[in-house]
Amino acid sequence: MKSKLKRFEIIAGRDNVIEPGKEFFNSIKGRWNSNYFRNENPITIELACGRGEYSVNLAKQFPDHNFIGVDKKGDRLWKGSTWAVEDNLSNVAFLRTGILFIESFFEPNEVNEIWLTFPDPLPRKRDAKRRLSSSRYMDMYKKILAPSGFFRFKTDNTDLFNFTLEELSYRNDLIDFDYTHDLYNSPLRPECFDIKTKYEAMFAAKGEVIKYLRFRFKP
């Protein structure tokens, strides 16, 4: 507990974590580039980012893009925030909020790409609507994602991946859709830059096969 409280104290003093009580938290919507990053570079967000492995590593590879990791757990964001500070990355930030409120922080078309990496599978049937790849959430993502932007999803969980494919099968607003049940042996692998989250590394080491899909919404 003491360690967690210390982490909360640290991120409270960091500019790269936007959380309740801070200056930009209630006014950042539509102003990420003008008020925070202070450039016009495209924005990628990592949903349920945990420690933010994708956000940080993509920020290293693409210094002319802006990246935002989104998660409600402050002690997890502390890790990504620390990596960003240690690597002197000014093109990555972290937003502390639940994904359910994502439209409160991004204007329509403000985001150029979305990653959803290894979210909680929420296996109980009664929790289906709470899964971050359900149609309810996809409708939210569509609103904030620019027409040319990709939505990308990775998971080790077969049931969640199949659920997501079924949810997407009911839509008629997708283009450039592709997927694989075995990312490491797929031609789609380069799209993921071989970045691994904590959970991906853990599950892959146990022999789990990583699944991946991506698409764009029709303009």
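Values in this text are rule-based calculations from the coordinates and carry no lab data. Note that the structure is a prediction, hence the values are computed from the model and not measured. Virtual Cβ from ideal backbone geometry, glycine too; neighbours counted across all protein chains shown.
Helix 158-169 and the long axis of the chain differ in direction by around 80°, with both axes built from C-alpha atoms.
Put a plus charge on the Cβ of each Lys and Arg, a minus charge on the Cβ of each Asp and Glu, and nothing anywhere else: the dipole of the chain about its Cα centre is then about 800 debye. Reported to the nearest whole Å, the Cα centre-to-centre distance from the range 1-22 to the range 109-142 is 26.
Available extension along the chain between ASN26 and PHE101 is 25.8 nm, counting 0.36 nm per residue and deducting the alpha carbon span.
Dipole of the range 47-150 computed with +1 at Lys/Arg Cβ and -1 at Asp/Glu Cβ about the Cα centre; of GLY74, LEU89, PRO147, farthest Cα towards the positive end is GLY74. Restricted to Cα atoms, the chain shows a radius of gyration and a Dmax of 16.7, 50 angstrom.
Of PHE161, LEU213, ALA59, which is farthest along the charge dipole of the range 2-217 in the positive direction, counting Lys and Arg as +1 and Asp and Glu as -1 at C-beta? Positive-end residue among those listed: PHE161.
Under the simplified labelling scheme, the ASP87-ASP64 pair shows an inter-label distance of 1.9 nm, with each label point 7 Å from Cα along Cα→Cβ. Extension gain for the segment SER3 to ASP194, taken as residue separation times 0.36 nm less the Cα-Cα distance, is 65.7 nm to one decimal. A straight Cα-to-Cα reach below 25 Å connects LYS206 with the lysines LYS79, LYS154, LYS196, LYS198, residues fewer than 8 places away in its own chain not being considered.
Once the piece of chain linking HIS181 and LYS125 is laid out straight, how much longer is it, given 0.36 nm per residue of separation minus the C-alpha distance between them? Taking HIS181 through LYS125 to full extension adds about 17.9 nm, to one decimal. Evaluated with a Cβ-only charge set (Lys, Arg +1; Asp, Glu -1), the range 22-135 carries a dipole of roughly 700 debye about its Cα centre, given to the nearest 20.
The HN-Hα couplings worked out from phi for the range 181-197 by the Karplus form 6.51 cos²θ - 1.76 cosθ + 1.60 (θ = phi - 60°) are 8, 8, 4, 5, 10, 10, x, 7, 3, x, 5, 9, 6, 6, 7, 10, 6 Hz, whole numbers, x standing for Gly and Pro. Converting phi to 3J(HN,Hα) with the Karplus coefficients 6.51, -1.76 and 1.60 and the offset θ = phi - 60°, the range 43-58 yields 10, 10, 10, 10, 7, 6, 6, x, 7, x, 4, 5, 4, 5, 6, 5 Hz in sequence order, with x at every glycine or proline. Working note: 222 nm ellipticity from helices only, DSSP H runs with n ≥ 4, each -39,500 (n - 2.57), summed and divided by the residues of the chain, gives -8500 deg cm²/dmol to the nearest 500.
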